[in-house]
């Protein structure tokens, strides 16, 4: 484990680039934060020194530190004049992980200081770090926060699109082959869509509140970009609602197909029973071992009896056909 909880530390140059900070002491970190230039520190909340780092070195309020280190979080925005505490969630794009296993990103941001925190790697942050190397990164706090939202929710599209495509395949498979083995897949898709939507919906509110906030470092360009981000989230919610509804329709169609198949089988068995019952009664009556039965002494009795059964069977079939039961 790293000696400090710091994962990323940069000083932004206001032209799209950034200088990576390598503070060798606590005083150097305090000096970097106190400067008029924008600094960004991303820390690992699971590090044993994370709380001490936030309280003593970053000199954050205890409530802010508690929010950044909380075990359970939900998306929200708390702004106060020119500071903001923001909790967001992004899809998990780490290797071997499920996208709907959302990754929490906690942010404390002011005009000259950004402190973000998380427990697991987040591709959106890696993309921002990469943008610094090309001098295409955010220039100020407002652009940094907007870029984070754009990256988070742009990556979310792949997870939503994947669910839509899986639903398309299941729909085609059920409608063409009535494959009963897809029942678990249907339930899995509905569950994943429900989880994604549960976390996306409150983030729509966060983006909306952020867009309408009075934070001085959020310029008009950032607010216009957040309008687009809000539209993305609305579309994601609509797509996930559609996935859940289509999954229910697929399930209903599969159940209807199974019921039809069961009814056909039961109907066939009923027809067979209706035809065989009279024949069984007659054969039972003539098969009892009681003296004086007709035909006992005749060598042709069995043949005539068999012919009578065949004729009776044909008459039953004609009757059932006339009644349109078969």
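A compact table of results
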quantity: Length added when fully stretched, residue 46-residue 301, from 0.36 nm per residue minus Cα-Cα; calculated: 82.4 nm
quantity: Normalised contact order of the range 16-134, rounded percent, pairs of Cα under 8 Å and 6 or more residues apart; calculated: 29
quantity: Helical contribution to [θ] at 222 nm, DSSP H n ≥ 4, -39,500 (n - 2.57), averaged over the chain, rounded to 500; calculated: -20000 deg cm²/dmol
quantity: Gain on full stretching of the segment that runs from residue 315 to residue 110 - 0.36 nm per residue minus C-alpha separation; calculated: 64.6 nm
quantity: C-alpha long axis of helix 123-133 to longest principal axis of the chain, angle in °; calculated: 40
quantity: Relative contact order %, the chain, counting alpha carbon pairs below 8 Å whose residues are six or more apart; calculated: 15
quantity: Packing-based exposure ordering (other Cβ within 10 Å, fewest first) of 53, 221; calculated: 221, 53
quantity: Residue 205-residue 15 FRET efficiency (beta carbon distance; Förster radius 22 Å; 0.05 resolution); calculated: 0.10
quantity: Segment residue 212-residue 270, length gained on full extension (0.36 nm per residue, minus Cα span); calculated: 14.0 nm
quantity: Using a Förster distance of 51 Å, the FRET efficiency for residue 119-residue 249 (Cβ separation, nearest 0.05); calculated: 0.85
quantity: Cα-based helix-to-principal-axis angle, 183-212 vs the chain, degrees rounded to 10; calculated: 30
quantity: Fraction in percent of alpha-carbon pairs per bin - 10 Å, the chain; calculated: 5, 19, 21, 13, 9, 7, 5, 5, 6, 5, 3, 1, 0
quantity: Nearest 10 degrees, 0 to 90: helix 141-177 Cα axis against the chain principal axis; calculated: 10
quantity: Cα→Cβ-extended label distance, 7 Å offset, between residue 164 and residue 95, nm; calculated: 3.0
quantity: Alpha-carbon radius of gyration plus Dmax, which is the widest Cα pair, for the range 73-172 in Å; calculated: 15.5, 54
quantity: The range 1-103 shape via C-alpha gyration tensor axes, a/c threshold 1.5; calculated: rounded
quantity: Proxy reagent accessibility, fewest Cβ within 10 Å first, across 65, 27; calculated: 27, 65
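Laboratory data are not the source of any read-out in this text; all were calculated from the coordinates shown. Being a predicted model, the structure only gives us computed values, none of them experimental. A quick note on method: Cβ atoms are made from the backbone with ideal geometry, for glycine too, and the neighbour counts reach across all protein chains shown.
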